[in-house]
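Asker: Could you have a look at this structure, given as structure tokens, before my questions?
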Amino acid sequence: MEVFETKLPGLGVRYDIATTHGERLGVVVRRDGMREVVLYDPRDPDRSRAAFTVAPAEAAVLVELLGGSKLTERLVDLRQEVEGLAIEWVTLRDGSGLTGRTIGEGHIRSDTGASVVAVVRGPTSFPGPGPDFTFEAGDLVLVMGSAPSVDRAVELLAG
Amino acid sequence: MLAAGASADVLIELGIVLLVLAVIGRLAARIGIPSVPLYLVAGLMMGEGGLIPLDASDDFIRIGADVGVVLLLLLLGLEYSGQELRDGLRSHWTSGLVDIVTSAAPGVIAGLVLGWGTIATIVLGGVTYVSSSGIIAKLLGDLDRVGNRETPVVLSILVMEDLAMAVFLPILGVLLAGSGVVEGTLQVAAALGVVAIALIVSIHFGSHVSRLVWSRSREVLLLTILGLTFLVAGFAEEVHVSSAVGAFLIGVALSGAVAEDGRELVEPLRDVFGGLFFVFFGLQVDPGDLGPALVPAAIIGVASVVTKVGTGWWSAGRAGIGRGGRLRAGLSLVPRGEFSIVIAGLGVAQGLHADLGPLSAAYVLIMAIVGSLLMRFADDIPLRPRLEDPRGTV
């Protein structure tokens, strides 16, 4: 499939493709990083209508949903849910939530019902961390449980 | 140190002016027209004998307006990267040339017919030439036309106008300084040399300059950019080449990350001081002179609509755009605004023809409002469908 690139000086870049269904669509990547997906009017092929506009992070989610490549940025906040079982990744920010405290001190399991399944810290991962595991800023925490319990745990962790 | 009373007066006046602009800005957004013409009206209504007694000789508003021009031109220079300027020059120079000739013509002809001097005539040509990239870019976004196929044509003409300004402003600066032929020629040559250097720096050494100027701290970056700009603008003024030109060249020379971040940082400041500049320009025009200027301004306006639509129609046709898109491209070039006022302001500051201020103000008032309305309703203008147009059958 061919992708046509057109520069829009001062605004960004526009990419056009024609689908096998004969529709023409374009993606305008604006200078501020926002992406606008436009559809062309079949009666006036020069005229477009913005279908939707997404921020870079949202565009990454969209790419994943559309079956994008593995190379795209890892999504840390995409929730996956399998019949009553919810899994969510939470990033701990400096000075918030349970940063600097242990899993045990947080009473995550007893207060929320969800469990901390794994923690990823930089290049290393800690599968099944014990109650004396201390959270640090920047940790990526994988929480599992029922949807409402995961919600409460995320609130507690990221607060 | 100002006396306490004087300082209080300045703050109160500044507060009133900015609040009036804020109310007007809200109104403009509500009814969907650009704010620049309304700011001018605000300036016209203020001043001695006006609704708000404000004096154009007040230091604060004069200095604010000077800063406004500098920031407007800095952002104009920052708007396009050196790469975009080069690409534009390479592939759209014919459209740019057609645009210069046809769009400056209404102003130049009017200047000749009215019997104005050479320099005032050139200034008026500049006023009718330059489209308002601010109004146009905003409307393209608002009207959901950024993805349209004729939009790159419109934008490349704006890029060419930007480049033309880089040549025109220094020449105008020298002409306005009014030195002799020999000295003037030398000054023009020197000024154009500086423009060439700024462009070369931007295109070939942009990354080096960026690295030198850029800072992770937004505060430091803003201070560096503003410091550089005011310094160069001041020196340019010192050698009689208008501070606006100096600021514009700094904008052209900065590129890459500095330009990206700089634009974002300077924009809010530009809105404040640019607003003061439009008010200041309005203050210098006697509302009584505006009425008689409306008829000639409207005539020049009609001619300008025709030439800009012609330019856009022709350029879009060359890019293979259909009739609807060609009309939209043409109408999108009609709005005039901030830069017409800047050019007129340079002339008014030098005390050129007495009618220059009122005529330019009337012209921009008409063209900003009519131009944005034409852009908005471009698709409602019926075009005779042409049967042989292959696009019509799709």
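The values are calculated or read from the model by the stated rules, or taken from the named source; none is laboratory data. All of these numbers come straight from a predicted model, not from anything done at the bench. For neighbour counting, all protein chains shown are included, and Cβ atoms are generated from backbone atoms with ideal geometry for every residue, glycine included.
Asker: Check region B:102-116 and report whether any residue there is modelled with pLDDT of 90 or more, away from every other protein chain (no Cβ under 13 Å) and within 30 Å of A:Asp44 (Cα to Cα).
Answerer: Checked region B:102-116: at least one residue is modelled with pLDDT of 90 or more, away from every other protein chain (no Cβ under 13 Å) and within 30 Å of A:Asp44 (Cα to Cα).
Asker: In this structure, does B:Ser243 turn out to be within 14 Å of chain A (Cβ to nearest Cβ), polar (S, T, N, Q), closer than 30 Å to B:Gly193 by Cβ and touching a residue at least 60 places away in the same chain (Cβ under 8 Å)?
Answerer: Against the criterion (within 14 Å of chain A (Cβ to nearest Cβ), polar (S, T, N, Q), closer than 30 Å to B:Gly193 by Cβ and touching a residue at least 60 places away in the same chain (Cβ under 8 Å)), B:Ser243 does not qualify.
Okay, residues lined up against (1) basic (Lys, Arg); (2) assigned to a helix (DSSP H, G or I); (3) more than 7 Å from chain B (Cβ to nearest Cβ):
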site: A:Gly33; (1), (2), (3): no, no, yes
site: A:Glu36; (1), (2), (3): no, no, no
site: A:Asp44; (1), (2), (3): no, no, no
site: A:Phe52; (1), (2), (3): no, no, yes
site: A:Ala59; (1), (2), (3): no, yes, yes
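Asker: A further question on this structure: Whether any residue in region B:167-184 is more than 22 Å from B:Arg326 (Cβ to Cβ) and within 14 Å of chain A (Cβ to nearest Cβ) is what I want to check.
Answerer: no
Asker: Output the qualifying pairs, or none if there are none: Cβ atoms under 6 angstrom, residues six or more apart or on different chains, first residue in region B:137-151 and more than 20 Å from B:Arg323 (Cβ to Cβ) and at the interface with chain A (Cβ under 7 Å from one of its Cβ atoms), second residue assigned to a helix (DSSP H, G or I) and hydroxyl-bearing (Ser, Thr, Tyr).
Answerer: Partner pairs satisfying both residue conditions: none exist.
Asker: Considering only region B:191-245, how many residues are of a type in the set (Gly, Ala, Ser) and under 17 Å from B:Arg270 (Cβ atoms)?
Answerer: Result for region B:191-245: 4.
Asker: List pairs: first in region B:156-184 and closer than 14 Å to B:Gly77 by Cα, second aromatic (Phe, Trp, Tyr) and modelled with pLDDT under 85, Cβ under 9 Å, 6+ apart or cross-chain?
Answerer: Taking only residues 6 or more apart or on different chains, the pairs are B:Leu158/B:Tyr80; B:Val159/B:Tyr80; B:Asp162/B:Tyr80; B:Leu163/B:Tyr80.
Asker: Condition first: within 30 Å of B:Arg86 (Cβ to Cβ) and crowded, with 16+ Cβ neighbours inside 10 Å. Now tell me which residues in region A:32-52 satisfy that.
Answerer: Within region A:32-52, A:Arg35, A:Glu36, A:Val37, A:Val38, A:Tyr40, A:Pro45, A:Asp46, A:Arg47, A:Ser48, A:Ala50 meet the criteria.
Asker: Would it be correct to say that B:Val272 is closer than 29 Å to B:Lys138 by Cα, surrounded by 20 or more Cβ atoms within 10 Å (Cβ to Cβ) and of a type in the set (Val, Ile, Thr)?
Answerer: Answer is no for this residue.
Asker: Of everything in region B:205-255 that's more than 14 Å from B:Gly77 (Cα to Cα) and β-branched (Val, Ile, Thr), which residue is surrounded by the fewest Cβ atoms within 10 Å (Cβ to Cβ)?
Answerer: Selected residue: B:Val220.
Asker: If we only count helices (runs of 4 or more DSSP H) wholly inside region B:110-181, which ones have 3 or more residues that are of a type in the set (Ser, Thr, Tyr)?
Answerer: In region B:110-181, the matching helices (runs of 4 or more DSSP H) lie at B:118-129.
Asker: Considering B:Leu249, B:Leu228, which residue is on the phi < 0 side of the Ramachandran plot, assigned to a helix (DSSP H, G or I) and either within 14 Å of chain A (Cβ to nearest Cβ) or in contact (Cβ under 8 Å) with a residue 40 or more places away in the chain (or both)?
Answerer: So the residue among B:Leu249, B:Leu228 that is on the phi < 0 side of the Ramachandran plot, assigned to a helix (DSSP H, G or I) and either within 14 Å of chain A (Cβ to nearest Cβ) or in contact (Cβ under 8 Å) with a residue 40 or more places away in the chain (or both) is B:Leu249.
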